[in-house]
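The values are calculated or read from the model by the stated rules, or taken from the named source; none is laboratory data. Everything quoted here is computed from the prediction, not taken from an experiment. Positions of Cβ are generated from backbone atoms using ideal geometry, with glycine treated the same way; all protein chains shown enter the neighbour counts. Quick note on the areas: whole protein, heavy atoms, side chains included, nothing else; ligands and nucleic acids left out. Shrake-Rupley method; radii C 1.70, N 1.55, O 1.52, S 1.80 Å.
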Amino acid sequence: MATVNFKDATRVYPGADHPSVDKLNLDIGDGEFMVLVGPSGCGKSTSLRMLAGLEEVNAGSIHIGDRDVTDLPPKDRDIAMVFQNYALYPHMTVGDNMGFALKMAGVPKTERQQRVQDAAKLLGLEDFLNRKPKALSGGQRQRVAMGRAIVRSPQVFLMDEPLSNLDAKLRVSTRTQIAALQTRLGVTTVYVTHDQIEAMTMGDRVAVLKDGLLQQVDTPLNLYDNPRNLFVAGFIGSPAMNLIEGEVSEDGIHIGDYVVPVPRETLGKASEEKRLMLGIRPETFELGEGTDGIGIDVGVVEELGADAFLYGTVTGLSDEEKLTAQQITARISSRTPPRRGATVRLKIDPEQVHVFSQADGRRLTETTGR
Amino acid sequence: MPRFLSAQPDARLITLPWDTPLADWPAEMLVALPRGISRHVVRFVRVGSEVYALKEVLEHLALHEYRLLRDLVRIDIPSVEANGVVLSRFDPDGEPLDPVLITKHLQFSLPYRSLFSRGVRQDTVNRLVDAMVVLLARLHLSGFLWGDVSLSNTLFRRDAGSFAAYLVDAETGELHESLSDGQREHDLSIARTNLFGEFCDLEAGGLLDQSLEPLILVETIENRYRELWGELTGVEEFDGSEMHRIESRVRRLNALGFDVAELDITTDFAGSTIRIQPKVVDAGHHSRRLLRLTGLDTEENQARRLLNDLDYYRARTDQQNADEAVVAHQWLTQLFEPVVSSVPPGMRAKLEPAEFYHEVLEHRWYSSERAGREIDVHDAAQSYISTVLHQLPDEALAVSTEDTLAGLANPFDPSMGFADADDGQPYDPWEDGDEAPAAGAEPAEDFLDIAALRARTDKPTLRS
Ligand SMILES: Nc1ncnc2c1ncn2[C@@H]1O[C@H](COP(=O)(O)OP(=O)(O)OP(=O)(O)O)[C@@H](O)[C@H]1O
Ligand SMILES: Nc1ncnc2c1ncn2[C@@H]1O[C@H](COP(=O)(O)OP(=O)(O)OP(=O)(O)O)[C@@H](O)[C@H]1O
Ligand SMILES: [Mg+2]
Ligand SMILES: [Mg+2]
C-alpha cells in the first residue's frame, strides 16, 4: 500500500524544445484509482514511465510512500506495469500463463503457486488453472491478463491503455471489472487512457492533461460539473458541452436574440473581454415558450428512449451559413419532441451555465453545488 | 461495399469475401503457413501468384499500423510491407465487421516457432539471437519504440549462414526523431517478459531443444543488445597517442554491418585526450555497397559474402586497377547470374538467389579442399544442385506439413495450441453464475452515462 506523489516532475526529451511533462504536481492517495487522461501526445505515457523509473526526471521529484524514488531503478520501486499486450501462450496452462513472470523473477515455486491460486480465486478462474487457454472466452482471457498483474502484488499498478485493442463490448465489460477488482484489492493504481468515458467511469479521480500540463485533477463528477477551464469543459462529457460564444452586455451574454442572464460579478471578472464563452451541458436545456430561451433551428432529431437529442443552429441563419455554423446539442425529455426544421426555444437554468474567459480559458462562474 | 485504402492496390483482392468474418473464410482460399501466435485473427490468402497476410483489427489500429509499416520501409527498416486496409466491412445482415490490414507475405521467412526446436545447434541459436538484437537496435537507432517486442512479432530469413530479422507487427509502435533511454528500457522490459513467455511456451509444447533454457536465452538477448548499443553509440576516450583507435572503431562498426555517417570527435585543450562518439550510424554497410555496384538487393551477410567473391574475382582476373563498377558488372554477368539461373525452375522456391549463391560458394570451398584443387563455380553449382539442393524443403512459402503444423488444433492459427482433449467447460462463476462483480446493466460505449455516475457516487461505497 502506498501513496504516490509527483512534485514539479518534469521531462524534456533530448532535442525537444519544450517539456513533454511540465512541472506535474499530483498527489495520489493510498489505494486510489487515478486515471490520467488527455489527447494523444499530452504526456500520459511519459508520466507513467517516469513513475516506473524508466524515464529520466529532469526536474522535480517522485515519491512512493515516504520514499523519494526519483533516482531509484525500476526494480527497486515495487510497481507492476501492465502493458497493452497480453499474449496467451497456447501450450502453457492458465496457471502458468498467470505466473510465468514470477518464475522469471525467481519467486520460489510454492509461493508462486499460492499467489496464482489466490488470484484465480479472486478472478473466478480456479477451475481453469490446469486448462490450456485455447477455449477461453474473450472475457476470460482478459481476466487471465489481470491475473498476471495481480500475482505480482506490487505497491502500485501502472496501466497504459490496457483496453485499447479490445472491441467495444469487451472494452466496456472489462473496464467495469478492472475498477471493481481494484477496489477489492485496494492497490494504488495509475491508469492511462485517451478515452474520457473510460476515465470517468473507472477513476476515483481523474487528472486531465494537455500539452504536458495538468489541467485539472478531480473526481469525475466535479470535472463534469465544475470544469476549471475551456479545455476540460470540452474534453469531458459525451455528447460534449455546448461552448457558445456571445457578446457581453450589462446583464448577460447575447446569443442570437436572447440574453443569457449572467451575474454581474461573474462578468466583472473578465475585465476587458467583450465576448465570452458560454458552456451549457446538453441535458440542462429545456424547451421554452415564447421568447424564453435561445432560439434554435432544429436540424436533426434523434430519439433515445424517453429522451430526444436535438441538433440545431441559432435561429436566423441562411441555409449556407448553417452548414458552417456551430451545432448546438440539447437533450430534451419530452414525449413529443420537435420535428426537424422546427424552430424552438431552449431554456436554461442560470445556475447551470458556465462562463469562460476567451483570453485564458479559465472558468469565471462560481463552483456549483452539484 | 468495403472501402480499400492502398498505395498499390491489387485488383484481385477486391473480390475476396470481405462480408465474411476472417475466421470463417473458406479453407480453399487460405494457405496454412507456420506463423507466430496472435491475439487477432490472422490468415494467409493466395491470390494468383501472390500470398498476403490478412489481420482483422480495430480501425484506429489498422490505420496506425498501415502508416507505420510504410514509414518503416521508407526509413529502410526490415519489416513486412503493408499493402492496404479494407474498411467499412459489413456482413450480409448489415452488421459491421472490423477492418482488415493487408501485408505482403514475406517470402522465405521462417517464423520462430520452428527454429528453436529439437536438435538446433547452439551456433544457430546465437545467430538467431543476434539477428533479433540487431533488429531491435536498428529500430531504436531510427527512433522507433516497438511497444511489443516479441518472437511472434519477428520473422527470420536466412542470411549467408546467419539470419536477418524482420518486424511484422507495428500495432503498438511509435516513431520519434530519436528515443530516450527510458523508451528503450521500456521496450527491453517488454522484450524480457514476452521472450521469456514465448520460450516457456515452446518448452511446454516440446518445441524447444532441451539444451536451451528460457531465462538464459532472455538474458543473452538483453546482454547482447546492451553490448551492441554500447558499440553503436557509446563514448570512447583515449590518449592522443592512440589515434588509430578512431579507425578501429569505424572498422568494428563496419564489421557489424553499420556505416558511420557522423562521428563526433572532441579533444581537450592540450590535445592529449580524445573522445569519440558515433552520432549517426546506418545499418546495411555491405548491402548498400553491393546494391550500388550490382543492383542486387540482399541481406547484409549475403552482401558481405558476395562482395568478398567479387574481390576475389577481381584479383583472380588481375583487374585491381580497373574501375570497380565495370568489374562488378562482369562478375554479375559472368558468375552470379549464370550460376543463379542454373537452378531448375522446380527448385527455385527452395532458396533465395543470393542465399543459393552463398551456398554454392560454401560447397565449392569444401569440394576444392577435398579435391585439392580449385573447383569452378559453375561446376560447384551443378554439384550442389544435384547433391544438396534437390533434397531441401521449399522455403519461399514454408508451407510445412511437418512438425510446425502437426497436431495444431487449427492449422491456420497456432494461438489455439495443440488439439489435445480438454473436454467440457469448467465452471466459471463470473460467466455461469451471477457472482460477477460487473453484474448489472452494461453502459453504452460512446455515451457518458452521467446519471449512473451520480447515482453511484451518491450511494455510500467502499471507496473514498
Ligand atoms: N523520444 C522522444 N523525443 C521527442 N519527443 C518525444 C519523444 N517521445 C515522446 N515525445 C513527445 O512527448 C509528448 C508526450 O508523449 P507521450 O507518449 O507521453 O504522450 P501520450 O499522452 O502517451 O500520447 P498517446 O496517447 O499518443 O500515447 C508528445 O508530444 C511526443 O511527441
Ligand atoms: N506479412 C507477413 N509475412 C509473413 N508472416 C506474417 C505476415 N504478417 C503476419 N505474419 C505472421 O502472423 C503472425 C501474427 O501476425 P501479427 O503479429 O501481426 O498479429 P497480432 O494479432 O497483431 O499479434 P499480437 O498478438 O502480437 O498483437 C505473426 O507472428 C507472423 O508469424
Ligand atoms: Mg501513450
Ligand atoms: Mg503479433
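Restricting attention to the stretch B:111-153, the residues being surrounded by fewer than 18 Cβ atoms within 10 Å (Cβ to Cβ), within 16 Å of ligand 1 (Cβ to nearest atom) and under 25 Å from B:F44 (Cβ atoms) number 0. Close contacts from the stretch A:19-47, counting a first residue that is outside any strand (DSSP E or B) and a second that is within 16 Å of ligand 2 (Cβ to nearest atom), with Cβ to Cβ under 6 Å and a gap of 6+ residues or different chains, come to A:S45/A:D160. Across the stretch B:154-181, the number of residues qualifying as buried (at least 22 other Cβ atoms within 10 Å of the Cβ) and at the interface with another protein chain (Cβ under 8 Å from one of its Cβ atoms) comes to 3. Pairs linking a residue in the stretch B:45-62 that is on the phi > 0 side of the Ramachandran plot to a residue that is open to solvent by 30 Å² or more (accessible area, probe 1.4 Å) and away from ligand 1 (no atom under 16 Å from the Cβ), with Cβ atoms under 9 Å and 6 or more positions apart or on different chains, are B:G48/B:R12.
Among the numbered conditions (1) in a helix (DSSP H, G or I); (2) facing chain B (nearest Cβ under 10 Å), the only one that A:R112 does not meet is (2).
In the set (1) over 24 Å from A:P133 (Cβ atoms); (2) among the hydrophobic types (A, V, I, L, M, F, W, C); (3) over 21 Å from the mean Cα position of the chain (by Cα); (4) open to solvent by 10 Å² or more (accessible area, probe 1.4 Å), the condition left unmet by B:L87 is number (4).
Name the residues in the stretch A:218-234 that are crowded, with 21+ Cβ neighbours inside 10 Å, farther than 18 Å from A:R331 by Cα and more than 7 Å from chain B (Cβ to nearest Cβ), would you?
A:L223, A:P227, A:L230, A:V232
Looking across the stretch B:182-212 at every residue that is among the small types (G, A, S) and farther than 23 Å from A:M98 by Cβ, the one that is nearest to the other protein chains (Cβ to nearest Cβ) is identified as B:G182. Condition check: within 14 Å of another protein chain (Cβ to nearest Cβ), open to solvent by less than 30 Å² (accessible area, probe 1.4 Å), at pLDDT 95 or above and within 24 Å of B:T15 (Cβ to Cβ). Does B:A53 satisfy that? For B:A53, the condition - within 14 Å of another protein chain (Cβ to nearest Cβ), open to solvent by less than 30 Å² (accessible area, probe 1.4 Å), at pLDDT 95 or above and within 24 Å of B:T15 (Cβ to Cβ) - is not met. Pairing each residue of the stretch A:291-320 that is within 15 Å of A:H254 (Cα to Cα) with any residue that is β-branched (V, I, T) and not in a strand (DSSP E or B), provided the two are 6+ apart or on different chains, yields C-beta distances under 7 Å for A:G295/A:T315; A:I296/A:T315. Answer yes or no as to whether A:M92 is at the interface with another protein chain (Cβ under 8 Å from one of its Cβ atoms) and over 34 Å from the mean Cα position of the chain (by Cα). Yes, satisfied.
Screening the candidates B:T233, B:T193 for the property of being open to solvent by 20 Å² or more (accessible area, probe 1.4 Å) and within 16 Å of ligand 4 (Cβ to nearest atom) yields one hit, B:T193. Can you tell me which residues in the stretch A:10-36 are surrounded by fewer than 23 Cβ atoms within 10 Å (Cβ to Cβ), aliphatic (A, V, I, L, M) and more than 17 Å from the chain's Cα centre (by Cα)? Within the stretch A:10-36, A:V12, A:A16 meet the criteria. Annotation note: of B:S88, B:S142, the sole residue that is under 22 Å from B:A7 (Cβ atoms) and either out of contact with any Asp or Glu (no Cβ under 9 Å at 6 or more places or on another chain) or not assigned by TED's automatic domain parsing to the domain that holds B:E203 (or both) is B:S88. Close contacts from the stretch A:249-261, counting a first residue that is farther than 15 Å from A:G295 by Cβ and a second that is open to solvent by less than 30 Å² (accessible area, probe 1.4 Å) and not hydrophobic (A, V, I, L, M, F, W, C), with Cβ to Cβ under 7 Å and a gap of 6+ residues or different chains, come to A:P261/A:G252. A:P39 meets each of the listed conditions (1) modelled with pLDDT of 95 or more; (2) open to solvent by 40 Å² or more (accessible area, probe 1.4 Å); (3) farther than 19 Å from A:Y191 by Cβ apart from (3). Please verify whether the stretch A:257-273 includes one or more residues that are assigned to a loop (DSSP other than H, G, I, E, B), open to solvent by 30 Å² or more (accessible area, probe 1.4 Å), hydroxyl-bearing (S, T, Y) and in contact with a strand residue (DSSP E or B) (Cβ under 8 Å, 6 or more places away or on another chain). The answer is no; no qualifying residue exists. Filtered by the rule that a residue be open to solvent by less than 60 Å² (accessible area, probe 1.4 Å) and in contact (Cβ under 8 Å) with a residue 12 or more places away in the chain, the stretch B:244-261 gives B:I246, B:R249, B:V250, B:L253, B:N254, B:G257, B:F258, B:D259, B:V260.
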